[in-house]
Amino acid sequence: DAQLQTLADPATERLIVIAMISAAKADGQVDEQEMERIAGKIGADGITPEERQMVLDALRAPSDVEALVAAVPNPLVAAEVYGASLLAIDIDTEAERAYLRDLARRLRIDAATLARLHEMTGVQL
């Protein structure tokens, strides 16, 4: 129950947005489609001016995968972070593939969960 409750926590929602931004930056640039996906996620949830500023700050800052992973409290949130990362980008460069493989490894997502996340999102490496 405690793990499930963390999925609805505002801190987890912020973490998901940071994960999407980090994934979008994996190839060194955030293209228009990636920006629209991120904006759609935050727009659908409705954001405060402070949250909007957090997104803008994250877009300007260098990605910090170690900090992202360190902020993940449990395996359910890890799967959510990875799934959001998959949905944030069009995987069309080796840098993006490498980023996702590294993220999955750092999050310690098992092969069965990875396969299910890729199946659910329709995204293959």
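The values are calculated or read from the model by the stated rules, or taken from the named source; none is laboratory data. All figures in this text were calculated on a predicted structure; none of them were measured in a lab. Glycine also receives a Cβ, built like all others from the backbone with ideal geometry; neighbour counts cover every protein chain displayed. These area figures cover heavy atoms from the full protein model, side chains too; ligands, DNA and RNA do not enter into them. Shrake-Rupley method; radii C 1.70, N 1.55, O 1.52, S 1.80 Å.
Look at residue 67 and say whether it is open to solvent by 40 Å² or more (accessible area, probe 1.4 Å), within 13 Å of the chain's Cα centre (by Cα) and without any contact (Cβ under 8 Å) to a residue 40 or more places away in the chain.
Judged against the criteria, residue 67 is a match.
Which one is farthest from residue 65 (Cα to Cα) among residues in segment 98-122 that are buried (at least 17 other Cβ atoms within 10 Å of the Cβ) and β-branched (Val, Ile, Thr)?
113
Tally the residues that are open to solvent by 30 Å² or more (accessible area, probe 1.4 Å) and farther than 20 Å from residue 33 by Cβ, restricting the search to segment 70-97. Steps first, please.
Initial filter on segment 70-97 (open to solvent by 30 Å² or more (accessible area, probe 1.4 Å)): 70-71, 73, 75-76, 80, 87, 90-95, 97.
Right, trim to farther than 20 Å from residue 33 by Cβ and you get 70-71, 73, 75-76, 80.
So the count comes out to 6.
Yes or no: residue 60 at pLDDT 95 or above and either among the aromatic types (Phe, Trp, Tyr) or open to solvent by 50 Å² or more (accessible area, probe 1.4 Å) (or both)? Write out each step before concluding.
Values: at pLDDT 95 or above: no; either among the aromatic types (Phe, Trp, Tyr) or open to solvent by 50 Å² or more (accessible area, probe 1.4 Å) (or both): yes.
Judged against the criteria, residue 60 is not a match.
Within segment 40-49, is even one residue touching a residue at least 40 places away in the same chain (Cβ under 8 Å) and surrounded by 17 or more Cβ atoms within 10 Å (Cβ to Cβ)?
Scanning segment 40-49, I find at least one residue that is touching a residue at least 40 places away in the same chain (Cβ under 8 Å) and surrounded by 17 or more Cβ atoms within 10 Å (Cβ to Cβ), so the answer is yes.
Can we say residue 53 is surrounded by fewer than 13 Cβ atoms within 10 Å (Cβ to Cβ), touching a residue at least 24 places away in the same chain (Cβ under 8 Å) and not small (Gly, Ala, Ser)?
No: the conditions fail for residue 53.
Can you confirm whether residue 66 is over 23 Å from residue 119 (Cα atoms) and either hydroxyl-bearing (Ser, Thr, Tyr) or modelled with pLDDT of 90 or more (or both)?
Yes; evaluated as a whole, the condition is true for this residue.
Consider residue 85 against the criteria (1) closer than 23 Å to residue 29 by Cα; (2) over 15 Å from the mean Cα position of the chain (by Cα); (3) hydroxyl-bearing (Ser, Thr, Tyr): it satisfies all of them except one. Which criterion is unmet?
(2)
Does any residue of segment 13-34 turn out to be part of a loop (DSSP other than H, G, I, E, B), farther than 19 Å from residue 92 by Cβ and modelled with pLDDT under 85? Quick ask: steps written out before the conclusion?
Of segment 13-34, the ones part of a loop (DSSP other than H, G, I, E, B) are 25-31.
The next check asks that each one be farther than 19 Å from residue 92 by Cβ; those that pass are none.
No, there is no match, as no residue in segment 13-34 is part of a loop (DSSP other than H, G, I, E, B), farther than 19 Å from residue 92 by Cβ and modelled with pLDDT under 85.
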